[in-house]
Amino acid sequence: MRKRVWCDCEICQSYSESRWRIQFLNLCDWHTHLLKNSPNRTVHIHVLNNTITANPENVEYMLKTRFDNFPKGKPFSAILGDFLGRGIFNVDGSFWRFQRKLASLELGRVSTRAYSFQVVRVEIQQRLIPLMASSADEIVDLQEVFRRFSFDCISRISFGLDPAELDLSLPLSDFIASFDLASKISAERAMATSPMVWKAKRFFDIGSERRLRRAIGTIHAVARDFIRERRKLGFSDGKDLLSRFMCSVGDDEEFLVDIIVSFLLAGRDTVASALTSFFWLVAIHPEVEAAILEEAIGVDSADQVRELHYLHAVVFESMRLYPPIQFDSKFCVEDDVLPDGSFVKGGTRVSFHPYAMGRMEEIWGSDCLEFKPRRWIRDGVFVNENPFKCPIFQAGVRVCLGKELALMEIKTVAVSVLRRFRIELAQPDHPPRFSPGLTATFRDGLRARIRPRSSN
């Protein structure tokens, strides 16, 4: 236990005493610094028993070659168990396979994709655009707008219910505030040098663990209301994902609650994070904005949006630099050796780091820190890269099932908003600072002035 809680190496001292904050704004930037200075792009933080890598060969080894030896694992499931329960992001084995198979079948249906596009389009036309028009020439927090927008979208797509959160005149609902708090405290658990601290606080129901318990209580109460409302409306022929799961799992309400939480985490937080980074980068690169608008002339349907190769490249380039999930962790079951020669002892947390990987010269070239969407274009066509060198949607067996849905939502919002408004950042020279959480969130939001474009 002493080895895990205390270590006098420079890296562990810097982490334990938060000395990294002297030089870096964000923990992910410190990780990137460590990984850039490691010959094999892999480091080990002893006090966390955590190996972190930005080596694509290691990522492929974890997510594909030796997938069974690098599951989420019981330690990680314990950290997020109170919040995510038995949802797809927190389980392995039969529970994971069942949820993935059912979600894959539903998300792959043409009817599901058409329904999702219709929901997103209606939300944009009837709520997002009117809200932005009513805020013309005012400064608003776009991150907050996108979080509310994506919450409404995923609720309608996944549960067939409309929470109508996209109204900035209303305070955040208790549900959303509780969801954000639970995400933050759960992430802080994962960053603690010893689980004994948060487990003791949970046992005595004090401090952050007491706030987490209350937040989860609120989340579960609202999720049960979703389930009751869905039953009242009928679910046997529902187009939403919750109805499909209800047909399959019957009356296991606790399991359905966990599924709801997982869908919200996937469909609300990650999409809002991607939209925030996208609009921040486009606002400070007017030449990119102009190219998007030129390509989007005359585009109106889902199929046409899908064919916008330059816009697709801009979305991927923004997520390369600012991925919604900055790093993700697995646990090594048995002693193993990564392709770069790093020995990993069984029981070690092993994290791959998309944020750092987007900043590695050997992966992206000497211009890796620059925002250059055309790096993804070959002969006018978007060309995807090896997913193991840019695992923003994971890769291998656990590749994100909602990838196409998320890209459709992001690109549709981008075209709809940029056609009608110019976004002027309130602080264009300030790089983002991130809040603790399971997804990347700008600590100070994205404050911007919304300028309507002329009718021409």
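Per-residue surface analysis assigns Val119 an accessible area of about 10 Å², computed on protein heavy atoms at 1.4 Å probe radius.
Normalised by the number of residues in region 55-106, the mean separation of alpha-carbon contacts (under 8 Å, six or more apart) gives a relative contact order of 22 percent.
Around the Cα centre of the chain, unit charges on the Cβ atoms of Lys, Arg, Asp and Glu (plus for the first two, minus for the last two) sum to a dipole of about 860 debye.
Legend: residues Leu131, Leu242, sorted from most to least accessible area (1.4 Å probe; ligands, DNA and RNA excluded), read Leu131, Leu242.
The Cα trace of region 143-253 gives Rg and Dmax of 16.7, 48 Å, the first to one decimal, the second as a whole number. Taking a straight line from the alpha carbon of Lys411, these lysines sit under 17 Å away, with near neighbours fewer than eight places off in the same chain left out: Lys403. Solvent-accessible area of region 305-446 (1.4 angstrom probe, protein heavy atoms only): carbon and sulfur portion equals 50 percent.
Region 10-43 and region 318-383 have Cα centres separated by 16 Å. Across every pair of non-identical alpha carbons in region 187-249, the mean reciprocal distance, once inverted, gives a Kirkwood radius of 14.2 Å. Radius of gyration (Cα atoms) of region 204-306, expressed as a multiple of 2.2 N^0.38 Å: 1.58. Based on the reciprocal of the average 1/r between different C-alpha atoms, the Kirkwood radius for region 21-76 equals 12.7 Å.
Applying a threshold of 21 Å to the alpha-carbon distances of Lys64/Lys330; Lys64/Lys372; Lys101/Lys239 flags Lys64/Lys372 as lying beyond it. Listed by chain and number, the lysines whose alpha-carbon sits under 23 Å from that of Lys201, ignoring those within fewer than 8 places in the same chain, are Lys3, Lys74, Lys184.
Computed about the Cα centre, the dipole magnitude for region 111-152 is approximately 320 debye when only Lys and Arg (+1) and Asp and Glu (-1) carry charge, each at its Cβ.
Restricting region 58-160 to GluC sites (Glu not before Pro) that sit in a DSSP loop and have at most 13 other Cβ atoms within 10 Å of their own Cβ leaves Glu138.
When Lys64, Lys101 are compared by accessible surface with a 1.4 Å probe, the order from highest to lowest is Lys101, Lys64.
Take region 374-425 with all the other protein chains still there, run a 1.4 Å probe, and you get 41 Å² of accessible area per residue. Helices of the chain meeting both criteria, an alpha-carbon length of 15 angstrom or more along the long axis and an average Kyte-Doolittle score not below 1.0, with helices taken as full DSSP H segments, are 253-264, 270-283.
Modelled label positions at Glu361 and Gln23, each set 7 Å beyond Cα in the direction of Cβ, lie 1.7 nm from each other.
The heavy atoms of Phe98 present about 70 square angstrom of accessible area, all protein chains included, probe 1.4 Å. When only Cα pairs below 8 angstrom with a gap of at least 6 residues are kept, region 326-456 shows a relative contact order of 15 percent.
Here the accessible area of region 126-244 is 54 percent carbon and sulfur, with a 1.4 angstrom probe and all protein chains present. With a ≥ b ≥ c the root eigenvalues of the C-alpha gyration tensor of region 77-177, is it rounded (a/c under 1.5), prolate (a/b larger than b/c) or oblate? The shape class here is oblate. The alpha carbon gyration tensor of region 259-318 gives principal lengths a ≥ b ≥ c with a/c of 1.5 or higher and a/b no greater than b/c, which makes the shape oblate. Quote the FRET efficiency, to the nearest 0.05, computed for Val110 versus Leu161 with a Förster distance R0 of 30 Å and r equal to the Cβ-Cβ distance. For Val110 and Leu161, the calculated efficiency is 0.85. With the simple spin-label model, which puts each label point 7 Å out from Cα in the Cβ direction, the Val383 to Ser454 separation comes to 4.0 nm. Projecting the Cα atoms of Phe388, Val350, Val288 onto the charge dipole of region 285-412 (Cβ charges, centred on the Cα centre) puts Val350 farthest toward the positive pole. Inter-label distance, Asp237 to Met191: 5.0 nm, where each label sits 7 Å from its Cα along the C-beta direction.
Our estimate of slack between Leu369 and Leu172, defined as 0.36 nm per intervening residue step minus the Cα-Cα distance, is 67.4 nm. Taking all protein chains together and rolling a 1.4 Å probe, Thr51 ends up with roughly 10 Å² accessible.
The mean sequence separation of alpha-carbon pairs under 8 Å and at least six residues apart, normalised by the residue count of the chain, gives a relative contact order of 25 percent. Projection of the Cα convex hull of the chain, averaged over all directions and equal to a quarter of that hull's surface, yields 21.9 nm². Stokes-Einstein, applied to the Kirkwood radius of region 363-447 over Cα pairs at a viscosity of 1.002 mPa s and 20 °C, places its translational diffusion at 132 µm² s⁻¹.
Accessible surface comparison of Asp29, Asp225, Asp303, probe 1.4 Å, protein chains only, largest first: the order is Asp303, Asp225, Asp29.
Over region 53-137, accessible surface divided per residue gives 45 Å², non-protein components excluded, 1.4 Å probe. One compactness figure for region 286-406 is 1.27, namely its Cα radius of gyration divided by 2.2 N^0.38 Å.
The values are calculated or read from the model by the stated rules, or taken from the named source; none is laboratory data. All of these numbers come straight from a predicted model, not from anything done at the bench. Using ideal geometry, Cβ is built from the backbone for each residue, glycine included, and neighbour counts are taken over all protein chains shown. Ligands, DNA and RNA are excluded from the accessible area calculation, which covers all protein heavy atoms including side chains. Shrake-Rupley method; radii C 1.70, N 1.55, O 1.52, S 1.80 Å.
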